[in-house]
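Shown next, in structure tokens, is the structure this report addresses.
The values are calculated or read from the model by the stated rules, or taken from the named source; none is laboratory data. The structure displayed is predicted, hence computed values, not measured ones. Note that each Cβ is placed from the backbone with ideal geometry, even for glycine, and that neighbours are counted across all protein chains shown. Calculation scope for accessible area: heavy atoms of the full protein, side chains included, ligands and nucleic acids excluded. Shrake-Rupley method; radii C 1.70, N 1.55, O 1.52, S 1.80 Å.
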Amino acid sequence: MSSHEHGLPPKSSISRWFLTTNHKDVGILYIVTALFFLVFGGVLALLFRIELWEPGAQVLSELSYNQSVSAHGLLMVFWFISPFAFGFANYVVPLQMGAEDLAFPRLNALSYWLYLFSGLLFGVSFFQGSTFAGGWTMYAPLNVPAYIPDGALGATTAVLALVMFVASVTVSSVNFLTTMYRMRAEGLRMRDLPIFSVSILLTVWMMLFAFAALLAALMILSADHIIGTKYFVYQITQSGAVTRTVGNEAASLLWAHLFWFFGHPEVYIVFFPALGVMAETFQTFAGRRLVGRKWFILSMVLVALQSFMVWMHHMFLTNINLTIKTVFMATTIGISLPFDLMMFSLIYTLIKGKVRFKTPFLFTLGSVILFIVGGITGVFLGAVVLDYQFRGTYWVVAHFHYVMVGGATALFGGLYYWYPKMTGKMYDEFLGKVNFAMYFVGFNLLYFPMFVAWETPRRVFEYEAGLTVWHQIATIGGLLLGASFLVMFYNLFVSLWRGADAGDTPWEYATSAEWAVSSPPPMDNFPGLPSYRDGSLSFLSESAVAARLRGDGTASTDGGDPTADGGVATGTALDTATETHLETEDVEHADHASIWPFAVGLGAFLTMLGLSGVQQGTIVGTEYAALLGVGGVVTFGSLVAMTREPFHAPEAALAERFPYADVEKLKLGMWVFLASDVVLFGAFIGSHAFIRVAHGWREWHNLIPAEHVTMPGLINTYLLLTSSFLVVLAMVAAKKGSRRGTVLSLVGTLALGIGFLVNKALEWQHLFHVHSEAFPQGWDLSTNVASSTFYLTTGLHGAHVAVGLVICAYMTIRAWNGAYQGDPDAIEYFGLYWHFVDIVWLFLFPLFYIL
Amino acid sequence: MTRTKLYVGIYVVLFAFATVQALVEFAGFLESAYWEAFAAIMVLSAIKAVLVAAYYQHLRWEPRSVSYLVAGGLVAATALTGAAAFSIL
């Protein structure tokens, strides 16, 4: 075991890859795993391209075709493109910003394992009858069990795999945002971040809010599958003395709103890292700083904001009103303008520079060309009238592949660009160019004919015989595109042994900080504490850091040439870490190994697989019950073990932390998480409001029994408000060093929280068993949309309370043993969560009990 | 301790507002003037939420950037709810 590996086995040992929490290792894991899912999704695509050689289903069965198309879309969008980009983000961003690792290394490893296991779970769904076959957009009502042929087991697993994937994304978003706001090298202002890091920062912001809406959609869909709620079912039949059918007018539109509120930002979540790679490589291979860099960044910020204002252009053919369609047509056309500016900036950078046509640049240049085609053809779809004609055709398929796969093209350029940094070896340039030629020709042979054959209906294997030749060209293109990856994999694999040594940087004019260290970089990344305070990158020795902390600005520095991408950094407010340990001292103790993230991922996988066996409230086999039990124990046990494990992830003594200098990193992480939870609950509450508006706001009361009264809600409001107050008192007592006061306040919180859940259980039990003329069979989750929204939304809130109580119980025991006295931070951070749960209830109470 | 008195005062206000919300219904205002009662109840909830966030979660004493972070989530959720509901009016 190398002493430089900080407790980790060497890279040649398999156990290292299960234990590692280091950002560079996790980055490599992401990249390799994403490439596996590229092959998985790519093989499925080749299967249905072969099927499309002629009209009709000759090779695959009808259902197999539908599964292939749906799984291909889901795998490529979720399990390939974004995670591939985040492989680079993991590896490169901390290096570019001068951090030793991400803020929460174990959570970073957890993100990876949740990602891997979610993909494996999706793979398992193929073996449970059939996987989800209703298209990657999973439109309602084809996404609920009633409309899924051969049982919904595999489809449920696919939905749960997505839930797990979104959990991974959320953890990752919190981690990246905390890192990028708290751990930048001294003197590196936000505006000075290298352009790839800027693109990741904006991507993560979009992820934080967009994926929370998707999580709401997926949790609701899971509930429709597993416990039998009726959000996405059009007609709900209530059996009993008088059988009656209640309409759910909003079923399909609700899914479309939730999905596309996520789905359109997702396009930019996928594309922004590609833009970052384009800009980064254009600078390096043109030998010129990005022209109009400031405007390029401003355009990206604009797009990130606008991305949340265009989602209804995916719904022009639904019965949403014309006013809103017109508004969203305008916002959609508007979002193309910042992209125009970015494209001009990239092109002008080439004109002003001296271009060297290396493989990474060929891929990113190709990407720009493909994106321009994809962008222009997309403008047609943004116009309401044209969309009436184009929607559901191969025009859409061709357009979004030019955009999405066009973006992936830049990421392949990024793979060639950073390969020497990650491995220390150069790839074979000739094979790289062969790879690009095959890729680019194959890509255009595959997707361009789809514009010509645009009248082909999307996701359907039948098409007019006259279009056959175009489909055959596309299939040949697909095979060529697939073959190009064989060249890539061969090149990159063989170069690990045969490649020439890359040195610190093989790229002249590369200026960002990752090129200032060895290839691959050492575990600690830098030979000292990185600083840009003097205008270029330097590494501070231990004594220099100590001098800085004493306020002596003349401290000596060591080496390092590259400057920050954004130019010369000038003096800004300098922040010191809350705990002023010296970076150089802490490095000796920084931990990089933990098995628990892997264990939590495995536990979550088993739990989700077990959960897929629960259909409409009934468990379909004992093996699923066993999986659920074992998975639950493994997950909970691993989480506890992770909490108990001593793990030191120090912050640098000197860093730029604007605008969160006074917000400790754990607190900032909690606030970022809560911001995403606001959207999660917002989407649940929004779903309730939407269904109610569709039904008729005031007619809603007809769906609710008279026994559903205000008092249980009011009592629970009192209980929760009081518990919130007690958490505040616990914090005050801990600050004063009163162990007794701390314990008593936490015990009170615990008791009131339990009281809240007991009161809720009694209320639900009562409502389940009401016997009235309107509800002879009781009022349960499946009775109607009102009962579904009531139980699920307040249930989600109850689950948050339950999680809070587990944490509170743990803290109570620790407080009893003397913890937190004079150091109430942990209680305050728990309080942030608990008060948030309280705030949510303040809205659920009137919405579900009074109005 | 002054801060503790402040926390107690806010707790009393929160408790009272929750009671008033229920009283609005018990008094029959939802039958006689539904939308006025609706507005009053939601405004009370909003005030309660702001009080909890500002004082119990200490947003008032945190850098403004933390409030902006939370506001970002709130704006996103409100935009989704508002625009979606408007689309079917």
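The table that follows gives values for the structure above.
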| read-out | value |
| --- | --- |
| Debye, to nearest 20: dipole size of region A:698-850, +1 on Lys, Arg Cβ, -1 on Asp, Glu Cβ | 640 debye |
| Lys, Arg +1 and Asp, Glu -1 on Cβ, resulting dipole of region A:305-408 about Cα centre, debye, nearest 20 | 400 debye |
| Within chain A, percent of DSSP bridges classed antiparallel, to nearest 5 | 95 percent |
| For A:Tyr234, solvent-accessible area (1.4 Å; no DNA, RNA or ligand), Å² | 80 Å² |
| Relative contact order computed over region A:730-779 (Cα-Cα under 8 Å; 6+ residues apart), in percent | 19 percent |
| Rounded if a/c under 1.5, otherwise prolate or oblate - chain A, Cα gyration tensor axes | oblate |
| Rough spin-label spacing in nm, given labels placed 7 Å along Cα→Cβ, for A:Ala641 and A:Gln58 | 5.5 nm |
| Chains B and A, summed buried accessible surface - 1.4 Å probe, Å², nearest 100 | 4800 Å² |
| Whole-Å distance, taken between Cα centres, linking region A:100-117 and region A:746-825 | 30 Å |
| Positive dipole terminus of chain A, leading residue within A:Phe371, A:Leu744, A:Gly406 (C-beta point charges) | A:Phe371 |
| Average beta carbon contacts from partner chains per residue of A:722-730, 10 Å cutoff | 4 |
| Leading residue at positive end of dipole, the protein assembly as shown (Cβ point charges), from A:Gly478, A:Pro420, A:Ile704 | A:Ile704 |
| Chain A - charge dipole about Cα centre, Lys and Arg +1 at Cβ, Asp and Glu -1, debye rounded to 20 | 760 debye |
| Region A:703-816 - percent relative contact order, Cα under 8 Å, separation 6 or more | 32 percent |
| Computed over region A:333-476, Kirkwood Rh from alpha-carbon pairs, angstrom | 16.8 Å |
| Heavy-atom SASA rank of B:Tyr55, A:Tyr416 (probe 1.4 Å, accessible area, largest first) | B:Tyr55, A:Tyr416 |
| Cβ-defined net charge surrounding A:Glu62, 14 Å radius [Lys, Arg +1; Asp, Glu -1] | -2 |
| Volume in Å³ per residue [convex hull over Cα atoms, computed for region A:698-850] | 88 Å³ |
| Listed peptides A:524-536, A:403-415 by packing density, highest first (mean Cβ within 10 Å) | A:403-415, A:524-536 |
| Where N is the number of residues in region A:144-301, Cα Rg divided by 2.2 N^0.38 Å | 1.45 |
| Neighbour cut-off at most 10 other Cβ (10 Å), DSSP loop, GluC sites (Glu not before Pro), region A:498-555 | A:Glu508 |
| Inter-chain shielding of A:308-319 (mean C-beta neighbours from other protein chains, 10 Å cut-off) | 2 |
| Shielding by partners - mean other protein chain Cβ count within 10 Å, residues of A:678-687 | 5 |
| Charge dipole of chain A about the Cα centre (unit charges at C-beta), most positive-ward option of A:Met315, A:Trp79, A:Thr717 | A:Met315 |
| Computed over chain A: relative contact order in percent, which uses C-alpha pairs under 8 Å that are six or more apart | 16 percent |
| 14 Å beta-carbon shell around A:Ile473, net charge (K/R +1, D/E -1) | 0 |
| Region A:333-401: C-alpha gyration tensor shape, a/c 1.5 cut-off, then a/b vs b/c | oblate |
| Carbon + sulfur, % of accessible area of region B:26-89 - ligands and nucleic acids excluded, 1.4 Å | 72 percent |
| Largest to smallest principal axis extent of the C-alpha atoms in chain B, angstrom | 47, 34, 11 |
| Formal net charge of residues neighbouring A:Thr789 (Cβ-Cβ distance under 11 Å; K, R +1; D, E -1) | +2 |
| Tensor-based shape of region A:402-513 (alpha-carbon gyration tensor, a/c under 1.5 rounded, otherwise prolate or oblate) | prolate |
| Within the protein assembly as shown, helix-based [θ] at 222 nm, where runs of 4 or more DSSP H residues each add -39,500 (n - 2.57), nearest 500 | -22500 deg cm²/dmol |
